[in-house]
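I have placed the structure first, in the form of structure tokens, so that the comments after it can refer back to it.
Rule-based calculations on the coordinates, nothing more; no lab input. Remember, it's a predicted structure, so these values are computed and weren't measured experimentally. Glycine also receives a Cβ, built like all others from the backbone with ideal geometry; neighbour counts cover every protein chain displayed.
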Amino acid sequence: MTSRTRMAGFTLVEVMVGLALLAMLMTVILSAIRIGTGIWTRAEFQADDLDAMTAVQNLLRRTIESAQPAFASSKPADQSILFAGGPATLRLVAPMPGSNNLGSWTLLTLHLVQDGKDKALTLSWDEAGRSHQDWLLDQVTELDLSYFGAALASTAPQWSKQWARADRLPALIRLHIVRSPAWPVWPDLIAATPVNANATCLSDSAGKDCRRITR
């Protein structure tokens, strides 16, 4: 008597079902990888933006807090100071950026400049006859500045879009920065100036003299 041994294996239907299940599993794995990569990229993007936000806000805060009421003229009768505060432009005298408040007094201008289709937040100044421009932030759509203080000695302090008082710094400066929709919302920055600094007798950079300083 002869016996037949049945060969172990898969039928065509079983193979097709297995391939279909494997394809579904690979689709799920690839989708999970894409989602994970997207989450990681967004997390890195937000972390980079947070670092940029912190660095720029710290720089602007230090600049405003170290602003000096330097006279615009060497004439004793002229009490106007070098400060101009507009709704989208700020000009003030402060130590050179990056000098840890130890550099020479410099007239700085904070404003937006066109950068292709977008705008960039920049800090500009002149040094030794040369113009310098430090790009602080790109893809900015709006820079909104406000100033808190008394417009006249006899009036109560309030917020305004324009600082019109020529002989005194505002007490506070508020910066509202809006970037393109792809970026997170930036919180407003409110910084205090040394508003009570004595503009009629300011020490020189060495701190050994008290004289009228223009810049």
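I'd like to compare 65-72, 52-59: which one has the highest average count of other Cβ atoms within 10 Å, and what's the full order after that? All intermediate terms of the calculation are to be shown ahead of the outcome.
Details: 65-72: 20.5, 52-59: 14.8.
Ranking, from highest mean packing down: 65-72, 52-59.
Between the DSSP loop rule and a limit of at most 11 other Cβ atoms within 10 Å, which trypsin sites (Lys or Arg not before Pro) in region 94-177 are left? Present the calculation step by step, with values, prior to reporting the outcome.
On the way: sites: 117, 119, 130, 161, 165, 168, 174; in loops: 117, 161, 165, 168.
Answer by residue number: 117.
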Next item on the list: Sort 137, 90 so that the residue with the fewest other Cβ atoms within 10 Å of its own Cβ comes first and the one with the most comes last.
Entry: 137, 90
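Can you tell me what the convex hull of the Cα atoms of region 47-196 projects to on average, as an area in nm²? Mind showing how you got there, number by number?
Working: hull surface 40.3 nm².
The orientation-averaged projected area of the Cα hull of region 47-196 comes to 10.1 nm².
Provide, as a two-decimal number, the C-alpha radius of gyration of region 102-189 over 2.2 N^0.38 Å, N being how many residues it has.
Values: Rg = 15.7 Å, N = 88, 2.2 N^0.38 = 12.1 Å.
Working it through for region 102-189, the quotient is 1.31.
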Next item on the list: Run the quick spin-label model on residue 17 and residue 118: label points 7 Å from Cα toward the beta carbon, then report their separation in nm to one decimal.
Entry: 5.4 nm
